[in-house]
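> What follows is a structure written as C-alpha cells; I'll ask about it next.
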Amino acid sequence: MKIRLNRFLAESGVASRRKAEEFIKEGRVTINNKVVVELATLIDDENDIVKVDGEIVKPEKKVYYLLNKPKGYITTTDDEKGRKKVTDLINTKQKIFPVGRLDFDTTGVLILTNDGDFANFLMHPKNKIIREYKVMLDKPITDEDKSRLVKGITLDGKKSKFEKLYYPNKDYKESLIATVTEGRNHFVKRMFSALGYNVKKLERISYANFNVKGMPLGSYRIISKEEIKKVYEDFS
C-alpha cells in the first residue's frame, strides 16, 4: 500500500510525524538507498526499503483482535481513575486501541487494533458499517414506539433511526434486537430513552459481520488478514 513517508516513519515508531518531517528535510532518510527530501514522498510499505541514518526502518506489524467485552471495563487506552481497561484483556506487545466505544456496562463485540486506517474505515459514517445489539428494556415497548424508532425520530437535531428492530421472542416485548449503522456515543440507549424507555442491559452481538458466538466473556481471538480484506469488500 502506498503511504506518505512521514506517516510510515511515525507508525513505525521512529518519531512523531513532525519530527519525521525534520529527518526528511535534513536528508537523513533514504528509500532504496536514495536520499529523499520531499515531504510528500509516497512509499510502498511492503516493498520499499526505508532507512534513517543508515538503519533500516521496520514497519510495525498490523494486528487485529476480536474481544467479547465483559462488564466493568472501559474502552480506552488510558484512565486517570485507574479503572480496568479493555486493553488489559489482550496479551500483546503491540500498542493497540479499541475501535469505537462500548459503555462500561455494555458487553459484546469489540475490535482492537493498531491499524488506524482500518479503524477509520469502520467508524466513518459513509461506510454504514452494520452494528447489531441485543437490548433489554425496563418495560415492554409498544408497537407504535417500535415503528417510530425504525421510521426515525429527532436526536441531536437530526433524523435518527434503527435500520431494523425486532423481537427474538414475540411474547417478550422487553427484549429486542436493534440493527444500526450509527456510531454516535450511547446511540442505542439514547434512542430508547427519547421515547421513555430505560435500557437495563445492552450487548453488541455483531459488528461489521463479526460476532462472538461461542466466546466466553473476556476472551478474544486474532482476526485474520483475510477477514479484514472481506470487511473492506463487503462495505466498500
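> Where the second residue is of a type in the set (Phe, Trp, Tyr) and surrounded by fewer than 20 Cβ atoms within 10 Å (Cβ to Cβ) and the first is part of a helix (DSSP H, G or I) and lies in region 107-128, which pairs have Cβ atoms under 8 Å and are six or more apart or on separate chains?
Cβ pairs passing all conditions: Ala119/Phe97; Phe121/Tyr232; Phe121/Phe235; Asn127/Phe121; Asn127/Phe235.
> Filter region 43-75 down to the residues that are β-branched (Val, Ile, Thr) and farther than 20 Å from Ile223 by Cα, then identify the one that is nearest to the chain's Cα centre (by Cα).
Among those that are β-branched (Val, Ile, Thr) and farther than 20 Å from Ile223 by Cα, it is Ile74.
> Given the condition within 29 Å of Asn91 (Cα to Cα) and either touching a residue at least 24 places away in the same chain (Cβ under 8 Å) or out of contact with any Phe, Trp or Tyr (no Cβ under 7 Å at 6 or more places or on another chain) (or both), answer yes or no: does some residue in region 151-161 qualify?
no
> Given Thr77, Thr92, Thr87, which one is assigned to a loop (DSSP other than H, G, I, E, B), in the same structural domain as Tyr220 (by TED's automatic domain parsing) and touching a Ser or Thr at 6+ places or on another chain (Cβ under 6 Å)?
Going through Thr77, Thr92, Thr87 in turn, just one is assigned to a loop (DSSP other than H, G, I, E, B), in the same structural domain as Tyr220 (by TED's automatic domain parsing) and touching a Ser or Thr at 6+ places or on another chain (Cβ under 6 Å): Thr77.
> Kindly provide the set of residues from region 149-174 that are surrounded by 17 or more Cβ atoms within 10 Å (Cβ to Cβ) and outside any loop (DSSP other than H, G, I, E, B), ordered by number.
Leu149, Ser160, Leu165, listed by residue number.
> Hey, another quick one. If Ala119 satisfies every condition in (1) among the aliphatic types (A, V, I, L, M); (2) farther than 16 Å from Asn68 by Cβ; (3) touching a helix residue (DSSP H, G or I) at 6+ places or on another chain (Cβ under 9 Å) but one, which is the exception?
Exception for Ala119: condition (3).
The values are calculated or read from the model by the stated rules, or taken from the named source; none is laboratory data. These numbers come from a predicted model, not from an experiment. Heads up, the Cβs are rebuilt from the backbone with ideal geometry, glycines too, and the neighbour counts pull from every protein chain shown.
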